[in-house]
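All remarks here apply to the structure that follows.
The values are calculated or read from the model by the stated rules, or taken from the named source; none is laboratory data. Since the model is a prediction, treat every value here as computed from it, not as a measurement. All Cβ positions, even for glycine, are placed from backbone atoms using ideal geometry, and neighbour counts span all protein chains on display. Surface areas here come from the heavy atoms of the whole protein model, side chains and all, with no ligands, DNA or RNA. Shrake-Rupley method; radii C 1.70, N 1.55, O 1.52, S 1.80 Å.
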Amino acid sequence: MTTIDPTTHIAPRDKAEILAQALPYIRKFHGKTMVIKYGGNAMTDPALQADFAEDVVLLKLVGINPVVVHGGGPQIETALNRLGKKGEFIQGMRVTDAETMEVVEWVLAGEVQQDIVGLIHQAGGKAVGLTGRDGGLIRAKKLKMVDNKDPSIEHDVGQVGDIVAIDPSVVRALQDDAFIPVISPIGFGEENESYNINADVVASKLATVLQAEKLVLLTNTPGVLDKGGNLLTDLTAREIDGLFADGTISGGMLPKISGALDAAKAGVNAVHIIDGRVPHAMLLEILTDQAYGTMIRSH
């Protein structure tokens, strides 16, 4: 089956019009930082992977500074299965013993990170892979997980980390030198131990520390939906609080959106939760009037 590139059917005048429409956004965001959490289908489908890399390189070339934070849950699961080890989860969090942590490190900081760096190079950009150890980027401590139903019970989830501090100087140095940082969500503790940290949390905290213009979260959903299943394209931080309170936002979206909400309240101008299954969704959301997800405004 042959696929037809829709851009080949766009008249040159229409192409020029599309580019002209992006101009105000390029001007507005020139020199600004955007932190992008890369995950979901966009990270596993080869065509979407290539689209993502092209989008990131284009943003860099028009003067926007993208910083990529990636997850890798499915890849970690595959690696553990190959070793005959079964993943265990408590309240949605992967239990990470010492052996699992070794696997997490070589999958995230090795295989997954280098794939992303390679794709960006292929698309004409210059990327550098980092973990939280590089430049003392992410200091962490053991996450204390309290039981959802009984606050007197605390679950031990092993080497899962809570962020203590982020030192963004290595990220800033790379940005100033025309590189695109690609960050694995691994932190380090006081005893030089490694911690596996939720990638959404790392992206949200990093966006806050870098005073990013935008935080973009690629997901496998269209965005935030109301109780009728309709996409909510534009929300304020206060409206999000209301959706938490009435149970509209629940389940797997809770940690993602609570991190996004923290970033919006801490001064990140806009948080975009977008559908990574749509080709070039990131460019469409950032550089056009059309909504391809939910934008959470800080005010």
A263 among the hydrophobic types (A, V, I, L, M, F, W, C) and either touching a helix residue (DSSP H, G or I) at 6+ places or on another chain (Cβ under 7 Å) or assigned to a strand (DSSP E or B) (or both)
yes
From the residues in region 244-285 that are in contact with a strand residue (DSSP E or B) (Cβ under 7 Å, 6 or more places away or on another chain) and farther than 29 Å from Q91 by Cα, which one is surrounded by the fewest Cβ atoms within 10 Å (Cβ to Cβ)?
N269
Out of G39, G87, G71, I need the residue that is over 20 Å from the mean Cα position of the chain (by Cα) and open to solvent by less than 30 Å² (accessible area, probe 1.4 Å). Which one?
G87
Can we say G63 is exposed (fewer than 13 other Cβ atoms within 10 Å of the Cβ) and closer than 27 Å to V271 by Cα?
yes
Could you say whether any residue in region 151-162 is at positive phi, open to solvent by 10 Å² or more (accessible area, probe 1.4 Å) and among the polar types (S, T, N, Q)?
no
Among the listed residues L254, L283, L235, which satisfies the condition of being within 30 Å of V107 (Cα to Cα) and modelled with pLDDT of 85 or more?
L283
Please indicate, with yes or no, whether at least one residue in region 87-99 is farther than 24 Å from L137 by Cβ, outside any loop (DSSP other than H, G, I, E, B), hydroxyl-bearing (S, T, Y) and out of contact with any helix residue (DSSP H, G or I) (no Cβ under 6 Å at 6 or more places or on another chain).
no
Pick out the one residue from V128, V171 that is in contact with a helix residue (DSSP H, G or I) (Cβ under 8 Å, 6 or more places away or on another chain) and part of a helix (DSSP H, G or I).
V171
